[in-house]
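Heads up, the thing below is written out as C-alpha cells.
All of the numbers you see were taken from the coordinates with simple rules; none came from a lab. Bear in mind that the values here come from a model prediction, so they are computed numbers and not experimental data. In this analysis, Cβ positions are derived from the backbone assuming ideal geometry, glycine residues included, and neighbour counts consider all displayed protein chains.
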Amino acid sequence: MEKVFERSRADFISRVMANMGIGLFITFLTAYFTYSSQWLLSFILGSPFVFLALMFGEIGLVVYLSRRIEKMSFAQARGGFFVYAVLNGLTLSTIFLIYEISSIYYVFLIAAIMFIFAGFIGITVKKDLSAMGHFLILSVIGLIAASILNIFLRIPAIANLISFAGVIIFSGLTAYDMQKIKAMHYNAYNMDGERAAKYSIIGALQLYLDFINLFLFLLRLFGRKK
C-alpha cells in the first residue's frame, strides 16, 4: 500500500511539473514571438492602458483560478492556466528589448538550477515550512511596496537590494510550495481523478509564479542590458 501511495505521489508531482513546464514554454514562446512582431509589440507598448489591462488581466485570472478551481472542469482549469501563460508572455516580451538574448538564456539556466535545488529541499525536508512560508508571503507584500517606492526614488542600490531579497524570498517560497504540493497530493490521493488533476493545475500555477519571479529578480541582478 505504501508503494502505491509513493508511486501516486511521484505521478502527481510529475504532472504538476509537466504542466508548469508547458506553461513556461508557452510564456517564453509568446514573449519571443511578440518581440519579433513589430506590430504586436507596438500594440502592447504603444499605450500604457493596453499594458496595464494585460497586467490586471493576469492578476484577475490567477485570483479566479484559485477561487473557482472546485467548480471548474480540468479542461477549463488547464485552459485558464495556459491563457495566463500567454498573457504573461505578452508582458514579458519587454525583457528582450532591455536585455541581451544570450544573457536571458544564461539567467534562465541559473534560475532553473536554483529552482530545482529549492524544490528538492521542499520535497525532502521533514521540518514543516508553514511558518517560514507565511513569513515569506508577508515579505512579498513588503517587496512590492519597496519596488513601487523605488519607482519614484530610482536609487540603484535599493533596486539591487530589492532584487537580492526577491531571489531569497522566491527561492524560499519554491521550497515551501513544493512541500505544500506534497501535502496537496495527500488530500488528492482519495479524490476522483478529475479533482486530483485540477489540484495539479493549482500546484503548477504556484510553482510557475515562483519560477517567473525568481527568474526576473535574477535577471535584474545579473542580466546584461543592451
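The packing ranking, built from the mean of other Cβ atoms within 10 Å per residue, places the peptides 86-98, 108-120, 50-62, 163-175 in the order 163-175, 86-98, 108-120, 50-62, highest first. Principal axis extents of the C-alpha atoms in the range 1-130 (largest first, rounded to whole Å): 58, 38, 25. The fraction of all Cα pairs in the range 99-219 landing in successive 5 Å bins from 0 to the largest distance is 2, 11, 18, 19, 18, 14, 9, 5, 3, 1, 0, given as whole percents. For TYR99, the residues whose modelled amide H falls within less than 5 Å of its own, excluding neighbours fewer than 5 places apart on the same chain, are LYS226. Applying a threshold of 21 Å to the alpha-carbon distances of LYS126/LYS198; LYS127/LYS198; LYS127/LYS182 flags LYS126/LYS198; LYS127/LYS198 as lying beyond it. In a shell of Cβ-Cβ distance under 15 Å around SER103, excluding SER103 itself, what net charge do Lys and Arg (+1) and Asp and Glu (-1) give? Value of the local net charge: +3. Listed values for the range 108-113 are Karplus-derived 3J(HN,Hα) couplings in whole Hz (6.51 cos²θ - 1.76 cosθ + 1.60, θ = phi - 60°), namely 4, 5, 4, 4, 5, 5, and x replaces Gly and Pro. Using +1 on the beta carbon of Lys and Arg, -1 on that of Asp and Glu, and nothing else charged, what's the dipole of the chain about the Cα centre, debye to 20? Charge dipole of the chain: 100 debye, to the nearest 20. About its Cα centre, the dipole of the range 31-154 is roughly 300 debye, where the only charges are +1 on Lys and Arg Cβ and -1 on Asp and Glu Cβ. Of the residues GLY172, ILE59, PRO48, the one whose Cα sits farthest towards the positive end of the charge dipole of the chain is GLY172 (charges of +1 on Lys and Arg Cβ, -1 on Asp and Glu Cβ, taken about the Cα centre). What the Cα convex hull of the chain gives, in volume per residue, is 129 Å³.
Ranking ILE137, LEU153, GLY119 by Cα position along the charge dipole of the range 118-212, where only Lys, Arg, Asp and Glu carry charges on their C-beta atoms, puts LEU153 farthest toward the positive end.
Sequence-ordered 3J(HN,Hα) estimates for the range 212-219 from the Karplus curve with 6.51, -1.76 and 1.60 and θ = phi - 60° stand at 4, 5, 4, 4, 5, 5, 5, 5 Hz, glycine and proline given as x.
The HN-Hα couplings worked out from phi for the range 138-152 by the Karplus form 6.51 cos²θ - 1.76 cosθ + 1.60 (θ = phi - 60°) are 5, 5, 4, 4, x, 5, 5, 4, 5, 5, 5, 4, 6, 4, 8 Hz, whole numbers, x standing for Gly and Pro.
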